[in-house]
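Step one of this worksheet: look at the structure below.
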């Protein structure tokens, strides 16, 4: 494991290389690796794993979840170290919270002691998913002018802390 400062924005690389992964399944949900994306310090992006969410025995993806392997303030305050999306017809089944739970052993292997998850304040389903996964609401944060999220029209994020 390597902790290197990559740029003045404080993007930290947690990995020298990606880990070999065991299957991630809890009997009702399976995570399959879709991508391993290296860090892009020039654009302030941390290395990440991208997973598809699948119901066991089915090949149709029901959602996606990312684990972002960075410790920058920007990532922890605005983007989050975990991001997820469940396809609309599969929402309401607790799949996002289950997927977060399946990622926790991998996050621990990468040295995380906590994960930060952010979401839009009006996204009540995502807020419930954070809480179901064991994350605790910390605060609402204003996105500063000039930030890429601000440029896309976002102004506020909810921050949740998930202790590992």
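The values are calculated or read from the model by the stated rules, or taken from the named source; none is laboratory data. Please read these numbers as outputs of a predicted model, since none were measured by experiment. Don't worry about glycine lacking a Cβ; one is built from the backbone with ideal geometry, like all the others, and counts go over all protein chains shown.
A few remarks follow.
- Checking residue 77 against (1) part of a helix (DSSP H, G or I); (2) in contact with a helix residue (DSSP H, G or I) (Cβ under 8 Å, 6 or more places away or on another chain), the condition it does not meet: (2)
- Residue match in segment 134-148 (condition: in contact (Cβ under 8 Å) with a residue 60 or more places away in the chain and crowded, with 18+ Cβ neighbours inside 10 Å): yes
- Residue 155 being at pLDDT 95 or above and under 16 Å from residue 99 (Cα atoms): no
- Scanning segment 84-98 for residues that are under 18 Å from residue 112 (Cβ atoms), part of a strand (DSSP E or B) and at pLDDT 95 or above turns up at least one hit.
- Within segment 72-87, the set of residues being closer than 22 Å to residue 145 by Cα and touching a strand residue (DSSP E or B) at 6+ places or on another chain (Cβ under 9 Å) comprises 72, 75, 76, 77, 78, 79, 80, 81.
- Taking segment 119-146 as the range and being under 18 Å from residue 76 (Cβ atoms) and not in a strand (DSSP E or B) as the test, the residues that pass are 120, 121, 126, 127, 130, 133, 134, 135, 143, 144.
- Number of the condition not met by residue 49 [criteria: (1) under 16 Å from residue 32 (Cα atoms); (2) in a helix (DSSP H, G or I)]: (2)
- Residue check for residue 85: out of contact with any helix residue (DSSP H, G or I) (no Cβ under 6 Å at 6 or more places or on another chain) and closer than 25 Å to residue 60 by Cβ: yes
- Filter result for the condition that a residue is out of contact with any strand residue (DSSP E or B) (no Cβ under 9 Å at 6 or more places or on another chain), at pLDDT below 85 and either closer than 12 Å to residue 102 by Cβ or exposed (fewer than 11 other Cβ atoms within 10 Å of the Cβ) (or both), over 42, 22: 22
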